[in-house]
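Here the structure comes first, spelled out in structure tokens, and everything after it is commentary.
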Amino acid sequence: MSYNLSYLKTKTINMKNFEDYSTQLTQSVGSKDGLVSPAIANSASFAYGSAQIAEDIFAARAKRPLYSRMGNPTSARLESIMAELDGGVGAVATSSGMGAIAMVCMSLLKSGDEIISIGGLFGGTYSFFSETLSRFGVKTHFFDVDELENISSAINENTKIVFLESVGNPNMRLPDIEAIANITTKHQVALVVDNTITPMGVLPLQLGADIVLYSTTKIISGNSSALGGIAVFRAIEDEDKFKTTRYAELEKIINKMGKMALVANAKKRALRDFGMSASAHSSYQAMLGLETLPLRSERINSSVEFIVKALNEKGLNVNHPSLPTNVHHDRYNTNFTQGCGTLFTIDFGSKQSAYSFLDNSKLLTITANIGDSRTLGLHMASTIYSDFNSEQKEFLGITEGLVRISVGLENPQDLINDILTASKE
């Protein structure tokens, strides 16, 4: 079969951007001396050599591994690469994407604090905020991405975190990250962005975010081989929101660790005590994924646009911001020039029709993952959101016939043909 891949050249700005990252990431992961591929530090503990060195390590005076629950050399390599990628001062790798979210929240929050959560959310994140954190006395207020006035008005003295996803999963709504960052800067509140779907294409720290999160399980690793997560932190400045009374609990760590305080706080107050630590092997797998991430991202983002345009023209009820009829189409063209990741949705109107489509497809893998090298599909209402009530589903954009598609590396015309055929059977 001959493949027409001319569509990949339609966005030259994307190719230049991702080509730049190809050089940066490949050179960062590989070594010029000794082991070319990063070593996997499969050791739970590390010998200190002397009592004095042990004291220095625990006092953070010596930069040597303390214990693998607090991180190991393989994860440290991944952390340095991801910090460089996003322009952060440091990063902390975790056991999963939800582990990264939990780490950031548990390092900053206490009972009585509040979160403002914006936009459509992955079901696990919504449940963590609405059910789990509420059991520990933390309240979350939920808003749509365009409710900027309500978001600003909802911030009070107890608000510690404003949280959003760079792309709503699965409602595909796009936040104006810079506008929301202006609100959090005005009110001196931490802005945390889950950038799992748009690594490289969106740089939240440059837009005013304080912390960026990833599930490295997804497109960073790219092949369903390893769970992982990571949080990237900005540096603490001389005049900083984290030095206000709102974050009084950070004063001691800031005084000791300076610009690295958010990194140290996450390790000390969450990673150490809750143990959502990354395994060395998973960190290694994530680094292997980083080597090809720019190439895969460029192809997948271009394929998504090509596919949704074709499906929309054939009359399928497709949701993606690249379509002119989408409410955030202008924002997509202005703020998401590199694309908005692997996802789009199709609403088949009913659960029965959605099931029929998924079962008839020859190319889709039915699974809850996203960002894989293979194209994935899932009926939302009967799986991730099966125990959500009707009000929650409506807010998150979950309808009875909604199928989420995560585009992979297959030839896009083959995917179009398969989706169209499966939707008619």
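The values are calculated or read from the model by the stated rules, or taken from the named source; none is laboratory data. This is a predicted model, so every value here is computed, not measured. Cβ: placed from backbone, ideal geometry, glycine included. Neighbour counts: every protein chain shown.
Screening ASP359, ASP387, ASP347 for residues that are over 24 Å from PRO199 (Cα atoms) and either in contact with a Phe, Trp or Tyr (Cβ under 7 Å, 6 or more places away or on another chain) or buried (at least 17 other Cβ atoms within 10 Å of the Cβ) (or both) leaves exactly one candidate, ASP347. Of all residues in region 301-313, none are of a type in the set (D, E, K, R), without any contact (Cβ under 8 Å) to a residue 60 or more places away in the chain and in the same structural domain as THR185 (by TED's automatic domain parsing).
Would you please name the residue that is nearest to THR140 (Cα to Cα), looking only at residues in region 374-425 that are acidic (Asp, Glu) and assigned to a loop (DSSP other than H, G, I, E, B)? Step by step, filter region 374-425, then rank; the result is ASP387. For region 102-139, residues that are closer than 17 Å to LEU227 by Cβ, at pLDDT 95 or above and in contact with a helix residue (DSSP H, G or I) (Cβ under 6 Å, 6 or more places away or on another chain) total 1. For region 79-138, which positions are of a type outside the set (Gly, Ala, Ser), touching an Asp or Glu at 6+ places or on another chain (Cβ under 8 Å) and within 18 Å of SER282 (Cα to Cα)? Matches in region 79-138: VAL92, ILE101.
Can you tell me which residue among SER386, SER350 is touching a residue at least 40 places away in the same chain (Cβ under 8 Å), on the phi < 0 side of the Ramachandran plot and of a type in the set (Gly, Ala, Ser)?
SER350
Would you check if SER130 is assigned to a helix (DSSP H, G or I) and either touching a Gly at 6+ places or on another chain (Cβ under 8 Å) or over 13 Å from ILE161 (Cβ atoms) (or both)? Yes. Based on what the data block shows, is GLU400 modelled with pLDDT of 95 or more and either out of contact with any Pro (no Cβ under 8 Å at 6 or more places or on another chain) or farther than 20 Å from ILE416 by Cα (or both)? Answer is yes for this residue. When region 82-120 is filtered for residues that are in a strand (DSSP E or B) and closer than 15 Å to PRO199 by Cβ, the ones remaining, listed by number, are ALA91, ALA93. With the requirement that a residue be in contact with a Lys or Arg (Cβ under 7 Å, 6 or more places away or on another chain), among the charged types (D, E, K, R) and over 30 Å from SER117 (Cβ atoms), what does region 390-425 give you? Hit for region 390-425 is ASP418, nothing else. Taking the criterion of being hydroxyl-bearing (Ser, Thr, Tyr), free of Cβ contacts under 8 Å to residues at least 60 places away in the same chain and closer than 19 Å to PRO204 by Cβ, the residues of region 72-129 that qualify are SER80, SER117. Failed condition for THR198, given (1) free of Cβ contacts under 8 Å to residues at least 60 places away in the same chain; (2) of a type in the set (Ser, Thr, Tyr); (3) within 26 Å of THR334 (Cβ to Cβ), with all others met? With respect to (1) free of Cβ contacts under 8 Å to residues at least 60 places away in the same chain; (2) of a type in the set (Ser, Thr, Tyr); (3) within 26 Å of THR334 (Cβ to Cβ), THR198 is out only on (1).
The lone criterion from (1) at pLDDT 90 or above; (2) part of a loop (DSSP other than H, G, I, E, B); (3) touching a helix residue (DSSP H, G or I) at 6+ places or on another chain (Cβ under 9 Å) left unmet by LYS63 is number (1). Could you tell me whether LEU271 is crowded, with 20+ Cβ neighbours inside 10 Å, in contact (Cβ under 8 Å) with a residue 60 or more places away in the chain and among the hydrophobic types (A, V, I, L, M, F, W, C)? Here the answer is yes, as LEU271 does meet what is asked. Taken together, the residues in region 49-76 that are more than 35 Å from the chain's Cα centre (by Cα) and of a type outside the set (Asp, Glu) amount to 6. Identify all residues within region 201-217 that are crowded, with 22+ Cβ neighbours inside 10 Å and not small (Gly, Ala, Ser); write none if there are none. Answer for region 201-217, where residues must be crowded, with 22+ Cβ neighbours inside 10 Å and not small (Gly, Ala, Ser): VAL202, PRO204, LEU205, ASP210, ILE211, VAL212, LEU213, TYR214, THR216, THR217.
Test GLU55 against the stated conditions and say whether it is surrounded by fewer than 19 Cβ atoms within 10 Å (Cβ to Cβ) and within 20 Å of THR217 (Cα to Cα).
no
Taking the listed residues PHE344, PHE306, the one that is under 21 Å from the mean Cα position of the chain (by Cα) and outside any loop (DSSP other than H, G, I, E, B) is PHE344, with no other qualifying.
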